[in-house]
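*Asks:* My questions all concern the structure below.
The values are calculated or read from the model by the stated rules, or taken from the named source; none is laboratory data. A quick note: this is a predicted structure, and the numbers were derived from the prediction, not measured. Positions of Cβ are generated from backbone atoms using ideal geometry, with glycine treated the same way; all protein chains shown enter the neighbour counts. All accessible areas refer to the heavy atoms of the entire protein, side chains included, with ligands and DNA or RNA removed. Shrake-Rupley method; radii C 1.70, N 1.55, O 1.52, S 1.80 Å.
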Amino acid sequence: MKSLIVLFAAGMMLMTGCSDKKPANKEIITTDYEAPKPKSTPISMSSLTDRKMVEWVGGKNYEVIVTRMAIDSLPKVIDEIGQKYVDNVVKVKIVRSDSTSFFERSYSKSAFVELLDEDYRQHALLEGIRFLKAEDDVLTFVAWFNYPEAGDDEDQKLRITINRMGDDKILRYSENDRDDLEQRDQQE
């Protein structure tokens, strides 16, 4: 019986000793990861102006002018690596066909705080405001907020309406707004 156990053990050692498997490489290769360092000066978005002629109340033409500007005096937005970004102000101006001003207001993120999620209040930029449509006696715009250097899927949108009396309201963005925005993008 002892010889059977010894013979079995010897056979097992032969089988494991003669296998084609190479011993696992136990070397661990690491590289030093250096996190990106923030730039010493805050990063700003470029200024831009968008102009659009629209037919509105009574079939009259109005020019909608939307201008985005980075404003150094606003509180800075700071990302996860400590990079500072300059937030924006967006000015919406509506001019009648006789060149008189119908509406003019500058919007900063503070105009939207009641409807923004807390995280967006702290860490997102006001990226822009875009004219959406003229319908009945209301002009509709979309304001959008995004984290610096983030993709479009992380943005939060809000709706701005301006009525024929020049009163503006800020509201939650809806599915209908999304559909209208997609339709407008296809037309451009």
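*Asks:* Please work out which one of (1) in contact with a Gly (Cβ under 7 Å, 6 or more places away or on another chain); (2) over 14 Å from Phe145 (Cβ atoms) is the condition Ile65 fails and give its number.
*Replies:* Every listed condition holds for Ile65 apart from (1).
*Asks:* Okay, moving on. Among the residues in segment 97-115, are any basic (Lys, Arg), crowded, with 18+ Cβ neighbours inside 10 Å and without any contact (Cβ under 8 Å) to a residue 40 or more places away in the chain?
*Replies:* Yes, that holds for at least one residue.
*Asks:* So, in segment 49-78, of the ones that are within 18 Å of the chain's Cα centre (by Cα) and in contact (Cβ under 8 Å) with a residue 60 or more places away in the chain, which residue ends up least open to solvent (accessible area, probe 1.4 Å)?
*Replies:* Across segment 49-78, the extreme among qualifying residues is Val77.
*Asks:* Same structure again: Output the residue which, of all residues in segment 146-166 that are within 30 Å of Gly82 (Cα to Cα) and either among the aliphatic types (A, V, I, L, M) or modelled with pLDDT of 95 or more (or both), is surrounded by the most Cβ atoms within 10 Å (Cβ to Cβ).
*Replies:* Leu158
*Asks:* Hey, could you check segment 79-96 for residues that are free of Cβ contacts under 8 Å to residues at least 60 places away in the same chain and either under 13 Å from Ala143 (Cβ atoms) or in contact with a Leu (Cβ under 6 Å, 6 or more places away or on another chain) (or both) and say which is most open to solvent (accessible area, probe 1.4 Å)?
*Replies:* Checked segment 79-96; the qualifying residue most open to solvent (accessible area, probe 1.4 Å) is Lys91.
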